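Here, each number is a calculation from the coordinates, and none is a lab measurement. Quick caveat: nothing in here was measured; it's all calculated off a predicted structure. Cβ placement follows ideal geometry from the backbone for every residue including glycine, while neighbour counts extend to all protein chains displayed.
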Amino acid sequence: MRFPFKTTYEQDIRLFRDRTTAVWYGVLVGVVLALPVLLSRYYIGEITWVFIYGICGLSLMVLVGYTGLVSLGHAAFLGIGAYAHAYFLQLGVPWVASVAIAVVITTACGIVVGLPALRMTGIYLAIATLAFAVIIQEVFTRWEAVTGGFSGMAVDKPVIFGVRLADEASFYYLCAAVLAVTLLLTRNLLRSSTGRAWVAIRDSEIAAQSMGVQLPLYKSFAFGYSAALMGLAGALFAHKIAYLAPDIFSILFSIQLLLLVIVGGLGSLHGVVFGAIFVALLPPIIAILRDSIPATMASVASATGVGVIGTIGRGIGGFLKMPGVEAGIFGLILVLVILVEPAGMYGRWVKIRLFFSTFPMYKRDSFKRQKSYMRSERLR
Amino acid sequence: MTFFRAENLAINFGGIRAVDDVSFTVQKGEVFTIIGPNGAGKTTIFNLVSRIYDPSAGRLLFEGNDITATPPHRIAELGIARTFQNIELFEHATLLQNLLLARHVHRKTGFFSELLFLPSVQRMEVEHREAVEKVIEFLDLQQYRDALVVNLPYGVRKIAELARALCTDPKLLLLDEPSSGLNVEETDDMAFWIEDIKKLLGISVLMVEHDMKLVATVSDRVLALNYGRPLATGTPLEVQSHPEVIRAYLGG
């Protein structure tokens, strides 16, 4: 086990805890850079989704995981960002300016939606944001002059400073860079007073207020920043999906994002990335298994001569082909995560890491929580 | 100029007059304690002073300024910090983060410079840390620095809350039942710390407390309340022997 020896206060506000951690992040960057060379176009496209979902997850993590405000309407912000970006591109606005305008518009929407959040928490806020998402989806459908309505809106490949990112790999790098920058910016906020104020609001509004945190201001910050990230993700999303239609930005998408942050682990930036990998890669994995399981089991059956194996394989393949199975698997995993590991994939990762760093001495009860009943309910 | 004064303070909850015409003053550098049976309105007075409740009548004056209409988040900026009877720490953050949050009123950096974590923000962070470390040393909390508050035992949380209030650099400290839930030794420690806060840090203390031994040890003056009305004010001994106070506690 490593014990970092601290000699200055600067050590505690550094981006990386120590050199080893920095080296590991360097390795990760190297792997991300090398992947397009090693993998086929299809996989690069799927991993690009991880980055886009990562930015979406980051947005929701700030709101749900750090500020404790639940939103069921984040797909609407994504939609606003995507449509705004696509619309301004059509008008001939340069790419960077178009993204900037889309981000500003979503930020403004976020702050407006955040206004009721100054008075609402929990389930009431969830319903208010849900209502907002439903209204916005209706706007996407009806405002045909801008969004094209049901017939949709085609989005071309991005052209940045005259360079056209036509192939999968260059768009992959763009999304990876945007995710890395947004992660860094969010981490900066979280390790300074704004981030602490958000955490304070999450854990005890009354104490936060007594310590001088201006609740309306910081809740608006959280909503605005969250929406800005969502708008940015929306711009990339528009290019990735290439064709915008109102039914993409449905309540189901918002729930999927909520699933992302919960499965990843509430209140951690690692959780965002873990959750994004999970949400973005589960559908292609199911698709691959759908074809490969019956094929492998059939070959096993013919090799061993046991026909039952082939039948079971065809059964599994048939089951995975049924409509709605994907949503069912998502739901099942969400239930299992909440039951088995409420801290999400990041929580599990922390346990695994502790297991190896304290190897023969690991105690399972290190993470046991004692139930305590001492929070005041009177002032809520 | 009086340091802190409450004038004819009153609040109604529906038909119940929880605090009724209460006036008291806290001098600079003294420990002023409010005692009274359960439901006498002690914590309500605290919530009025920290502006969580709006008084139905009366005025609050702090260092000559009327703070009756000051928004609650400005109270900490003015130099009034408080603890809570039922501990309101930020449970899923480390003790250090809890204490750093208390430096919120002293921040000088904006949203965008924090987004980029500019050198000015870094300097600010180190400055906050230095201030927090002084409090950690003062209250002997070194070993709990990086522990999550959920994992801390009750007694330590109680001290952590005191530490968090001190980190705001207050002029007036409101302690809501500092000894509740503490054992005898911990209560004695608390008494020493309150004395030290008064003598070494020069902070005035307004306290609600039930433990009469603690009250008698640290208080300069005591106000006894019953049913929201003041019964007696004076030294701990005077108040304890006041016939009205004895009747409120023992009946008869």
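When ranked by the protection proxy of mean other Cβ atoms within 10 Å per residue, highest first, what sequence do the peptides A:96-107, B:181-192, B:225-236 form? Could you put the intermediate results ahead of the total?
Numbers: A:96-107: 20.1, B:181-192: 15.5, B:225-236: 18.6.
The packing order, highest mean first, is A:96-107, B:225-236, B:181-192.
Bridge orientation summary for chain B: considering DSSP beta bridges with both residues in this region, about 55 percent are antiparallel.
The residue list B:P153, B:G110, B:V121 was ranked by how far each Cα lies along the charge dipole of the range B:95-167 toward its positive end, using unit charges on Cβ atoms, and B:G110 comes out on top.
To the nearest 500 deg cm²/dmol, what mean residue ellipticity at 222 nm is calculated for the protein assembly as shown from DSSP H runs of n ≥ 4 alone, each contributing -39,500 (n - 2.57), summed and divided by the residues? Spell out each step's value before the answer.
Working: 25 runs with 365 residues, N = 632.
The per-residue figure over the protein assembly as shown is -19000 deg cm²/dmol.
In percent, rounded to a whole number, the relative contact order of the range A:139-294 is 24, using alpha-carbon pairs under 8 Å and six or more apart. Distance between the 7 Å Cα→Cβ label points at B:N12 and B:D54: 1.4 nm.
Within 10 Å of each residue's Cβ, count the other Cβ atoms and sort A:K321, A:K6 from fewest upward. Display every interim value, and only then the final one.
Values: A:K321 13, A:K6 10.
The order, fewest Cβ neighbours first, is A:K6, A:K321.
Comparing A:M361, A:M61, A:M230 in a Gaussian network model of chain A (Cα springs below 10 Å), the most mobile by mean-square fluctuation is A:M361. Per residue of A:196-208, other chain Cβ atoms within 10 Å of the residue Cβ number 6 on average. For the range A:1-104, the set of chymotrypsin sites (Phe, Trp or Tyr not before Pro) satisfying both a DSSP loop assignment and a count of at most 13 other C-beta atoms within 10 Å is given as A:F5, A:F16.
Kindly provide the chymotrypsin sites (Phe, Trp or Tyr not before Pro) of the range A:130-228 that DSSP labels as loop, not H, G, I, E or B, and whose Cβ sees at most 10 other Cβ atoms within 10 Å.
Numbers: sites: A:F132, A:F140, A:W143, A:F150, A:F161, A:F171, A:Y172, A:Y173, A:W198, A:Y218, A:F221, A:F223, A:Y225; in loops: A:W143, A:F161.
Those satisfying the criteria are A:F161.
The residues neighbouring B:Y227, those whose beta-carbon lies less than 13 Å from its own, together hold a net charge of +1 under the Lys/Arg +1, Asp/Glu -1 convention.
Which of the trypsin sites (Lys or Arg not before Pro) found in the range B:70-174 are loop residues per DSSP with 13 or fewer other Cβ atoms within 10 Å of their Cβ? Let's see the in-between values first.
Numbers: sites: B:R74, B:R82, B:R103, B:R107, B:K108, B:R123, B:R129, B:K134, B:R145, B:R157, B:K158, B:R164, B:K171; in loops: B:R107, B:K108, B:R145, B:K171.
Within the range B:70-174, the qualifying trypsin sites (Lys or Arg not before Pro) (loop, at most 13 other Cβ atoms within 10 Å) are B:K108.
Near B:K199, which aspartates and glutamates are there with a Cα under 16 Å away, not counting those fewer than 8 places off in the same chain? The qualifying aspartates and glutamates are B:E30, B:D169, B:D189, B:D220.
Using the Stokes-Einstein relation with a Kirkwood hydrodynamic radius computed over Cα pairs, the translational diffusion coefficient of chain A at 4 °C and a viscosity of 1.567 mPa s comes to 57 µm²/s. Spin-label pair A:V163-A:V335: with each label point 7 Å from Cα along the Cα-Cβ axis, the two points sit 4.9 nm from one another.
Would you mind ranking A:S226, B:S50, A:S250 so that the residue whose beta carbon has the fewest other beta carbons within 10 Å leads the list?
Values: A:S226 29, B:S50 21, A:S250 16.
Starting with the residue having the fewest Cβ neighbours, the order is A:S250, B:S50, A:S226.
Obtain the nm distance between the two label points defined at B:D169 and B:R123 by a simple spin-label model: each point lies 7 Å from its Cα along the Cα-to-C-beta direction. Distance between the two pseudo-spin positions: 1.5 nm. The gain in end-to-end length when the A:R314 to A:M361 segment is fully stretched comes to 12.3 nm, 0.36 nm per residue minus the alpha carbon separation. With a 10 Å cut-off around each Cβ of B:108-117, the average count of Cβ atoms from other chains is 5. Gyration tensor over the Cα atoms of the range B:95-167: the corresponding equivalent ellipsoid has semi-axes (square roots of 5 times the eigenvalues, largest first) of 25, 12, 10 Å.
Between the amide H of B:L231 and those of B:A224, B:L225, B:N226, distances stay under 5 Å, these residues lying 5 or more places away or on another chain, with hydrogens modeled in the peptide plane.
Relative contact order for the range B:95-167: 50 percent, from Cα pairs under 8 Å spaced at least 6 residues apart, divided by residue count.
Explain nothing, just the number: relative contact order of the range A:13-250, from Cα pairs under 8 Å at least 6 residues apart, as a whole percent.
Values: 311 pairs, mean separation 93.7, N = 238.
Reported relative contact order: 39 percent.
Treating r as the C-beta distance of A:L39 and A:I352 and R0 as 30 Å, the FRET efficiency rounds to 0.70.
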